[in-house]
Amino acid sequence: MSATDPADLGVTEALSLLDAGSLSSLELVEACLRRIAERDGTHSHEGDPDSINAWVRVYEEDAIAAAKRADEIPPGDRPPLHGVPVGLKDVYAVAGKPLTASSRALEDVPERDSEVWASLKAAGMILLGHLHTHEFTVGGTTDQVGNPWALDRTAGGSSGGSAAALAARMTPAATGTDTAGSLRIPSAMCGTSTIKPTSGTTSFRGAVPLAPSFDHAGPMARTLGECAALLAPITRLSGAPSEDGLRGKRLVLSPRLSLVDLDADVAAGFDSALGACRSLGAELVEVPAPAAELDVGGPYLSILFAELAAWHRRLADRRDLYRPALREWVEEGERQGTSAIDYWTAQIQRREDAYAWLDWFSEHSVDAVIEPTVPVVAWVRGAGYDHWGTDAELISLTSYWNWTGFPAASLPAGVGSASGLPVGVSLIGPEASDWELLGMAGALQAELGVPEPALEPAP
């Protein structure tokens, strides 16, 4: 195994070379830092039309020092992700480093690491820097970030900086968060991979929240196998991806597909994924929909508005620094003023829907639901920060699985022939099926492959 540039290595490839002693952590980190300098362009709040601008801040000196320390550790004493670089979404606290959630309104310098970063650091990872998010994660775009596939398109959101940095080969690994699709939407739009874990199985301590009832912390990488390597140190679920693949697995087309219209490229990618599942021995079955609400937009927003508005009270005196869309989101949450009764009615419905789905998985012996990750290809940059709610279409499929809390693995399903942009497919399983889901989705990924954009140096 070799690479002309170590920055092109994925997590698994890098670990193999590091373990073999044919690559040092310093060489790998320096290669990633060079790649960032070559391809990212500005590291700015606003971004610009000619830059990817995935990174808010790059910690070059710290990363080089950490790599040198890592190279001094004897092979037998090295942790599982020893020497592998990672970028953190700008909501994860790093002790002594700024934390801004890609907003001018937040200027924290935490004294303590977030638990996700503490776990990845203990596993041997080296921090390259913080990556852009949609402001305070409140949106399905990250409009200050350019999609490496086409700079005039959104990278998706809210973990858009993470997905863009992965697609542009600036880092082999990243973290994101997901409240309504923020891990999966950018992964689909940038041609990368992720898993939204089962709710509550990864810690959100030390991360800036959007709506704690729906927030999930999760890994992002180019492949699901690499996501699994990152998930292992941060999840409370022990295990590893199942090696059974898709042979004999019962898959059901999502009963929610009738609620959305698919772009032609998305529909074609989904058909390709279904064909691959069949060729791998999966059984695609039709069963009645579960006894659960399939369109939960109103109750979902009741919870989200209440929790969003409550957290943002602490920044009420800095609201003039918000982008217009975020300000409108917070003000709409305050205007609606969800009552305690309405809030808990929605939470009770959420629990009952999740129970209904669990019964459905069991009753029909379903291993996973399959659906497109996002019904559209990446939009032209700009719409996400204009007004609140403009990106509702982007979360039309993903947000439901935050409602149930079930794990969802997202992977590329090819590149659209009309748009030239990547599209994604997701497998969803019952709660705590994360490792089984990664095994099934990983087998599908091995069949479909991983697309790569043509990349040019930043101006």
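For this structure, a couple of remarks:
- Condition met for ALA310 (of a type outside the set (Val, Ile, Thr), surrounded by 14 or more Cβ atoms within 10 Å (Cβ to Cβ) and in contact with a helix residue (DSSP H, G or I) (Cβ under 7 Å, 6 or more places away or on another chain)): no
- Verdict on GLU363 being without any contact (Cβ under 8 Å) to a residue 60 or more places away in the chain and open to solvent by 10 Å² or more (accessible area, probe 1.4 Å): yes
- Residues being outside any loop (DSSP other than H, G, I, E, B) and buried (at least 24 other Cβ atoms within 10 Å of the Cβ) - total across the range 405-432: 13
- Answer from LEU274, LEU259, LEU251, LEU280 - the residue that is within 25 Å of SER365 (Cα to Cα) and in contact with a Lys or Arg (Cβ under 7 Å, 6 or more places away or on another chain): LEU280
- Flag for THR390 being in contact with a helix residue (DSSP H, G or I) (Cβ under 8 Å, 6 or more places away or on another chain), modelled with pLDDT under 95 and open to solvent by less than 60 Å² (accessible area, probe 1.4 Å): yes
- Summed over the range 278-293, the residues that are within 26 Å of GLY420 (Cα to Cα) and in contact with a helix residue (DSSP H, G or I) (Cβ under 6 Å, 6 or more places away or on another chain) give a count of 0.
- Residue match in the range 272-279 (condition: open to solvent by less than 50 Å² (accessible area, probe 1.4 Å), under 19 Å from THR177 (Cα atoms) and in contact (Cβ under 8 Å) with a residue 12 or more places away in the chain): no
- Residue within the range 324-337 that is assigned to a helix (DSSP H, G or I), of a type in the set (A, V, I, L, M) and surrounded by fewer than 21 Cβ atoms within 10 Å (Cβ to Cβ) present: no
- When the range 393-404 is filtered for residues that are aliphatic (A, V, I, L, M) and surrounded by fewer than 20 Cβ atoms within 10 Å (Cβ to Cβ), nothing remains.
- Filtered by the rule that a residue be farther than 21 Å from PRO172 by Cα, in contact with a strand residue (DSSP E or B) (Cβ under 8 Å, 6 or more places away or on another chain) and touching a residue at least 40 places away in the same chain (Cβ under 8 Å), the range 89-119 gives LYS97, PRO98, LEU99, THR100, SER102, LEU106, PRO110.
- Any chance ARG247 is outside any helix (DSSP H, G or I) and either under 28 Å from MET189 (Cα atoms) or out of contact with any His (no Cβ under 9 Å at 6 or more places or on another chain) (or both): yes
- Enumeration of residues in the range 237-271 that are polar (S, T, N, Q) and open to solvent by less than 60 Å² (accessible area, probe 1.4 Å): SER242, SER254
- Any hit, the range 64-73, residues being farther than 30 Å from GLY156 by Cβ, buried (at least 16 other Cβ atoms within 10 Å of the Cβ) and without any contact (Cβ under 8 Å) to a residue 24 or more places away in the chain: no
- Residues in the range 263-293 that are under 23 Å from the mean Cα position of the chain (by Cα) and either part of a loop (DSSP other than H, G, I, E, B) or on the phi > 0 side of the Ramachandran plot (or both): 1 in all.
- Restricting attention to the range 22-43, the residues being assigned to a loop (DSSP other than H, G, I, E, B) and open to solvent by 40 Å² or more (accessible area, probe 1.4 Å) number 3.
- Within the range 84-103, tally of residues that are in contact with an Asp or Glu (Cβ under 9 Å, 6 or more places away or on another chain) and part of a loop (DSSP other than H, G, I, E, B): 10
The values are calculated or read from the model by the stated rules, or taken from the named source; none is laboratory data. Keep in mind the model is a prediction, meaning the values are calculated, not measured. So basically every Cβ, Gly included, is an ideal-geometry build from the backbone, and we count neighbours across all protein chains shown. Ligands, DNA and RNA are stripped out before the accessible areas are found, and what is left, the full protein with its side chains, is counted by its heavy atoms. Shrake-Rupley method; radii C 1.70, N 1.55, O 1.52, S 1.80 Å.
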